[in-house]
Amino acid sequence: MEEKLDTFPRLMLHHARVRAGHAATREKDLGIWQTWTWGQVADEVRALACGLAAEGFKPGMHLAIVGDNRPRLYWAMLAAQVLRGIPVPMYQDAPAAEFVYVLNDAEIDYALVEDQEQVDKLLEAAPQVPTLAHIYYDDPRGLRNYDGVMSFERLQEKGRAFDREHPGFYDEQIASGRADDVSVMLYTSGTTGKPKGVRQTHAAFIAAARGSAEFDGLRADDSVLSYLPMAWVGDHLFSFAEWVFVGFTINCPESGDTVMTDLREIGPTYYFAPPRIFENLLTQVMIRMEDASLIKRWLFSHFTAVARRCGAEMLDGKPVSLGDRIEYALGNLLVFGPLRNVLGMSRIRIAYTAGAAIGPDLFRFYRSIGINLKQLYGSTETCAYVCLQPDRGVHFDTVGTAAPGVELAIAANGEVLVRGPMLLKEYYKRPDATAESIDADGYFHTGDAGFIDPSGQLKIIDRAKDVGKLATGAMFAPNYIENKLKFFPHIKEAVAFGAGRDQVCAFVNIDVGSVGNWAERRGIAYSGYTDLAAKPEVYELIRECVEKVNAELAAEPGLADSQIRRFLILHKELDPDDDELTRTRKVRRGFVAEKYGVLIDALYGGRDVEHIETLVRFEDGRTGIVAADLRIQDARVTETATLAAAA
């Protein structure tokens, strides 16, 4: 009889049988890597699931999971699923006040968290969450005298005793699971309102994991660094669904500060990062090269020029001259190989990026030095699985072709529609939102505007709700403009305005690391972000970036009117703790426009300076005021006639 592998607990048991000694999870603790095999993981999950059962956890209940990427937190997801319960991972960097909404909306009874910090936040939130009754923790440091909470070890001890007293219980629970059971509830980022709980089934995430594994040839001997928020759908696909489906190894870093060191030690074969991380890595490389010796700078400059000329083409299997191949091989020996090693990417077979647009130059750079970087497209409601870029079919300005099993369509208004087995089951307690998102033909309305190019690859323009028109009638796609600005390493964030107005203006956040290094090399002293952002030299630097974007917009059909006429550099970084960004670092455009309305009025009112005072919230919960007189800078636009003459 064929083995049924249609739920994650059954897949876990399958790996425990066929590859019991194969490494399943690894974690760096006090500088030493600890390893658990699939056989050991199955035993740990069994004790944990039985412990939750002994504590009264029942089918359909929700288990909140909060913390950095830790093996025990991933095991907790499996344990909840064994009992036909539903794990609800939450963003670990959210303050207690943000916890309250999700804990109440999900009606959380049970929570398993990483450490004292997360326990403290739950206890602070508890008076406002009447359902919360059980809190368990992984790391015991600082929690010795806490009442009403239980350690992971104690929970497992209770589980082992329960298992002995109920010998058939665990196997019966796994056997009772169904493919259409909800396997996880992930919350949307909440860019326009309160986050919604997206309920996905085992069948949906297994379909996404199977499709991506077959598409990219994932194997049990692959290795992944699991470091992105567990509450984010991308991590749940890469570090949980694909992990349990394929049986490869996930590696949890010691801390957020050691990710790059741990990346080099692990040398993963399969890697995912949002564009900002790839941008930061390249920025660090460029900063180091500026401080390197003359010969090293020459070698880097010469061979990266060779890579730009032919590296991406070689990766795609396109014809390249013998001379270029020889020079590239020499560059690989002297520059590209050592650089991949420094980045921790020397073993990577497949690397993906998603979540925002990635600059073509940045994309080309990584592919040119031999890293098989590709883009994917998806959302929480689609298990992060809609489009994938095939090997040797990578386009720098698209997100790939429809993934296996996925159907794509473009609505009359340009909205991207998708259909397939990876769609959400429902929004929790929101039948109205569920009905609005999936039409009568079974297509999910993504909310993104885009089109399918002649090669069959999807190109995303912007969020459909954000695409508007200028007063001239020309199309205005703010996210498209913002992404072009963020392609520059000196610009960390940007917010463009222009819908219904006669011109486009923008807010800019500088990248304090990149611009700070630039300033220090020029002898420009500064005391912090606010001071650096106000420097005339920095305004000139950012103006050059804005004007380069304007030249690109002028060259694109229908976007010449979207050139940025005026901009300012914000006096503070946009921050999730100040509600300006979501926890996934997406701009809450409406909130920012309302909060900084006086600055928008100044941009469009022709003023050169505007005073602003802003309340900010610090990590320790304190608040303060950041005040500044912000300069407003005009930017030169590129006339289309000038472009035509140049052509």
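The values are calculated or read from the model by the stated rules, or taken from the named source; none is laboratory data. As the structure is a prediction and not an experimental result, all values here were calculated from the model. When we count neighbours, we look across all protein chains shown, and the Cβ atoms used for this are built from the backbone with ideal geometry, even at glycine. Surface areas here come from the heavy atoms of the whole protein model, side chains and all, with no ligands, DNA or RNA. Shrake-Rupley method; radii C 1.70, N 1.55, O 1.52, S 1.80 Å.
Structure notes:
Quick grid of which residues meet (1) buried (at least 19 other Cβ atoms within 10 Å of the Cβ); (2) not small (Gly, Ala, Ser):
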position: GLU157; (1), (2): no, yes
position: GLY190; (1), (2): no, no
position: THR201; (1), (2): yes, yes
position: PHE205; (1), (2): yes, yes
position: SER226; (1), (2): yes, no
position: PRO253; (1), (2): yes, yes
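- Residues that are over 23 Å from ALA79 (Cα atoms) and open to solvent by less than 70 Å² (accessible area, probe 1.4 Å) within region 124-139 comprise ALA125, ALA126, VAL129, listed in sequence order.
- Among the residues of region 7-14, not a single one is farther than 21 Å from GLU242 by Cα and assigned to a loop (DSSP other than H, G, I, E, B).
Results for (1) surrounded by 16 or more Cβ atoms within 10 Å (Cβ to Cβ); (2) within 28 Å of the chain's Cα centre (by Cα), shown as yes or no for each residue.
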| residue | (1), (2) |
| --- | --- |
| ALA554 | yes, no |
| ASP561 | yes, no |
| LEU568 | yes, yes |
| PRO576 | yes, yes |
| THR584 | yes, yes |
| VAL598 | no, no |
| GLU610 | yes, no |
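- Sole residue being over 26 Å from HIS236 (Cα atoms), open to solvent by 20 Å² or more (accessible area, probe 1.4 Å) and touching a Gly at 6+ places or on another chain (Cβ under 8 Å), chosen from LYS469, LYS459: LYS469
- Count of region 602-647 residues, restricted to those that are at pLDDT 90 or above and either of a type in the set (Phe, Trp, Tyr) or in a loop (DSSP other than H, G, I, E, B) (or both), is 9.
- Here ILE410 passes the criteria (1) in contact with a strand residue (DSSP E or B) (Cβ under 7 Å, 6 or more places away or on another chain); (2) surrounded by 17 or more Cβ atoms within 10 Å (Cβ to Cβ); (3) of a type outside the set (Phe, Trp, Tyr) except the one numbered (2).
- Leading residue by the ranking (modelled with the highest pLDDT) among those in region 417-474 that are β-branched (Val, Ile, Thr) and under 22 Å from the mean Cα position of the chain (by Cα): VAL418
- Boolean, TYR366 is among the hydroxyl-bearing types (Ser, Thr, Tyr), surrounded by 20 or more Cβ atoms within 10 Å (Cβ to Cβ) and either over 23 Å from the mean Cα position of the chain (by Cα) or under 15 Å from LEU458 (Cβ atoms) (or both): no
- Index of the failed condition, PRO195 passing every other in (1) out of contact with any strand residue (DSSP E or B) (no Cβ under 6 Å at 6 or more places or on another chain); (2) in a loop (DSSP other than H, G, I, E, B): (1)
- Qualifying positions in region 486-504 - within 18 Å of the chain's Cα centre (by Cα), modelled with pLDDT of 90 or more and open to solvent by 50 Å² or more (accessible area, probe 1.4 Å): LYS492
- Where a residue in region 21-43 is within 26 Å of ASP171 (Cα to Cα) and its partner, wherever it lies, is among the hydrophobic types (A, V, I, L, M, F, W, C) and open to solvent by 70 Å² or more (accessible area, probe 1.4 Å), with Cβ under 9 Å and at least six apart: TRP38/VAL18
- A residue that is over 30 Å from LEU225 (Cβ atoms) and either modelled with pLDDT of 95 or more or not polar (S, T, N, Q) (or both) can be found somewhere in region 61-80.
- Residues that are more than 22 Å from ASP579 (Cβ to Cβ) and of a type outside the set (A, V, I, L, M, F, W, C) within region 612-640 comprise ASP629, ARG631, GLN633, ASP634, ARG636, THR638, GLU639, THR640, listed in sequence order.
- Just one residue in the set GLY142, GLY177 is buried (at least 19 other Cβ atoms within 10 Å of the Cβ) and in contact (Cβ under 8 Å) with a residue 24 or more places away in the chain; that residue is GLY177.
So that you can scan it fast, the table gives a plain yes or no per residue for (1) within 21 Å of ARG26 (Cβ to Cβ); (2) in contact (Cβ under 8 Å) with a residue 40 or more places away in the chain; (3) open to solvent by 10 Å² or more (accessible area, probe 1.4 Å):
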site	(1), (2), (3)
SER239	yes, yes, no
TRP243	yes, yes, no
MET260	yes, yes, yes
GLY267	yes, yes, no
PRO274	no, yes, yes
VAL285	no, yes, yes
MET289	no, no, yes
HIS302	no, no, yes
ALA307	no, yes, no
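- If you check ARG219, ARG154, ARG141 for being over 26 Å from VAL259 (Cα atoms) and not aliphatic (A, V, I, L, M), only one passes: ARG154.
- Those strands (runs of 3 or more DSSP E) of region 199-303 in which at least 1 residues are touching a Leu at 6+ places or on another chain (Cβ under 6 Å), considering only elements entirely within it, cover 223-225, 249-252.
- Picking from residues in region 159-174 that are open to solvent by 60 Å² or more (accessible area, probe 1.4 Å) and either touching a residue at least 60 places away in the same chain (Cβ under 8 Å) or within 32 Å of the chain's Cα centre (by Cα) (or both), the one that is farthest from LEU73 (Cα to Cα) is HIS166.
- Of all residues making up region 375-399, the number that are in contact with a Phe, Trp or Tyr (Cβ under 7 Å, 6 or more places away or on another chain) and surrounded by fewer than 22 Cβ atoms within 10 Å (Cβ to Cβ): 1
- Residue check for ALA354: surrounded by 19 or more Cβ atoms within 10 Å (Cβ to Cβ), within 30 Å of VAL198 (Cβ to Cβ) and modelled with pLDDT under 90: yes
- Of the listed requirements (1) open to solvent by 30 Å² or more (accessible area, probe 1.4 Å); (2) in contact with a Cys (Cβ under 8 Å, 6 or more places away or on another chain), LYS429 misses just one: (2).
- Restricting attention to region 164-205, the residues that are hydroxyl-bearing (Ser, Thr, Tyr) and modelled with pLDDT under 95 total 4.
- Failed condition for MET345, given (1) assigned to a loop (DSSP other than H, G, I, E, B); (2) over 24 Å from LEU388 (Cα atoms); (3) of a type outside the set (Val, Ile, Thr): (2)
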